[in-house]
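Q: Here it is: the structure, laid out below.
The values are calculated or read from the model by the stated rules, or taken from the named source; none is laboratory data. Quantities reported herein were computed from a predicted structural model and do not represent experimental measurements. Note that we place each Cβ from the backbone using ideal geometry, even for glycine, and neighbour counts take in every protein chain shown. Side chains are part of the model used for accessible areas, which takes the heavy atoms of the whole protein and leaves out ligands, DNA and RNA. Shrake-Rupley method; radii C 1.70, N 1.55, O 1.52, S 1.80 Å.
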Amino acid sequence: MAYTTLHAADAFWRPSNQMGVQNTDLAKHLGATTLGARLWRLAPGQASTRHRHARQHELYLVLEGRGRMRVDDDLLTLAPLSAVHVDPGSVRQVFNDTDADALWLVVGAPVEAANTLEMTPEQLAHLYPDGPKALPPELTD
């Protein structure tokens, strides 16, 4: 078969290992091996990890809500259906300092291991410069 389908009702959602953000691994569900793809649903007050990648480029697309994101020193506010491409070495973090959920589609290639529970201390220090549970300033006031 040249394609696979995932119906919304069949998606398995779970909290992320570090920040507890609800997400579903679309690439895994669909059998995609050359890219990573996840939906992330950030409730008010939640953030993803502040991180970078060694080789993976990422595309962030806001599907619902107002997208808030920091890339290196730049603070971004994005309307639904707005997108951002981030190069591997740039530090990035999506967060939700609004009063409504924000739904993001994040797609990255080439595929890169991302399980923080399986990383060495050196890998963690490089990919997560402030540690894997650092919150942005907007959520620490």
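Q: Round to a whole number: what % of the accessible area of the range 43-94 belongs to carbon and sulfur, probe 1.4 Å?
A: Percent of accessible area from carbon and sulfur atoms in the range 43-94: 52.
Q: How would THR24, THR5 rank on accessible area, largest to smallest, probe 1.4 Å?
A: THR5, THR24
Q: Something else now. What is the set of long-range amide H partners of GLN22 at a cut-off below 5 Å, with H atoms built 1.01 Å from backbone N?
A: Those lying under 5 Å, H to H, from GLN22 are SER16, ARG41, ALA43.
Q: Something else about it: Pairs of alpha-carbon atoms within less than 8 angstrom and 6+ residues apart define the contacts here; what relative contact order does the range 1-64 have, in percent?
A: 25
Q: Rounded to the nearest 5, what % of the DSSP beta bridges within the range 65-141 are antiparallel ones? Can you show the working numbers first?
A: Values: 9 of 9 bridges.
If I count the DSSP bridges inside the range 65-141, around 100 percent turn out antiparallel.
Q: For a protection proxy built on the mean count of beta-carbon atoms within 10 angstrom, sort 119-129, 93-103 highest first, please. Can you show the working numbers first?
A: Numbers: 119-129: 12.9, 93-103: 18.2.
Highest to lowest by the protection proxy: 93-103, 119-129.
Q: Rounded, prolate or oblate, given the Cα gyration tensor of the range 1-86, with a/c below 1.5 counting as rounded?
A: Prolate.
Q: Then there's this: Please calculate how many Å² of accessible area the range 1-55 carries per residue, with a 1.4 Å probe and no DNA, RNA or ligand atoms counted.
A: 61
Q: Counting each DSSP H run of 4 or more residues in the chain as -39500 (n - 2.57), what helix-only mean residue ellipticity at 222 nm follows after dividing by all residues, to the nearest 500 deg cm²/dmol?
A: Helix contribution divided over all residues of the chain: -2000 deg cm²/dmol.
Q: Measure of size requested: the Rg and Dmax of the range 1-43, with Cα atoms as the atom set and Å as the unit; please supply both.
A: 11.3, 37
Q: Please calculate how many Å² of accessible area the range 64-141 carries per residue, with a 1.4 Å probe and no DNA, RNA or ligand atoms counted.
A: Values: 4240 Å² over 78 residues.
With the other protein chains kept in place, the range 64-141 gives 54 Å² per residue.
Q: Can you sort TRP40, TRP104, TRP13 by solvent-accessible area, 1.4 Å probe, largest first?
A: Sorted descending by solvent-accessible area, the residues read TRP13, TRP40, TRP104.
Q: Further question: Find the eigenvalues of the gyration tensor of the Cα atoms of the range 64-141, then list the square roots of 5 times those eigenvalues as equivalent ellipsoid semi-axes, largest first, in whole angstrom.
A: 23, 16, 12
Q: Contact order normalised by length for the chain, with contacts defined as Cα pairs under 8 Å and 6 or more residues apart; what percent is it?
A: 28
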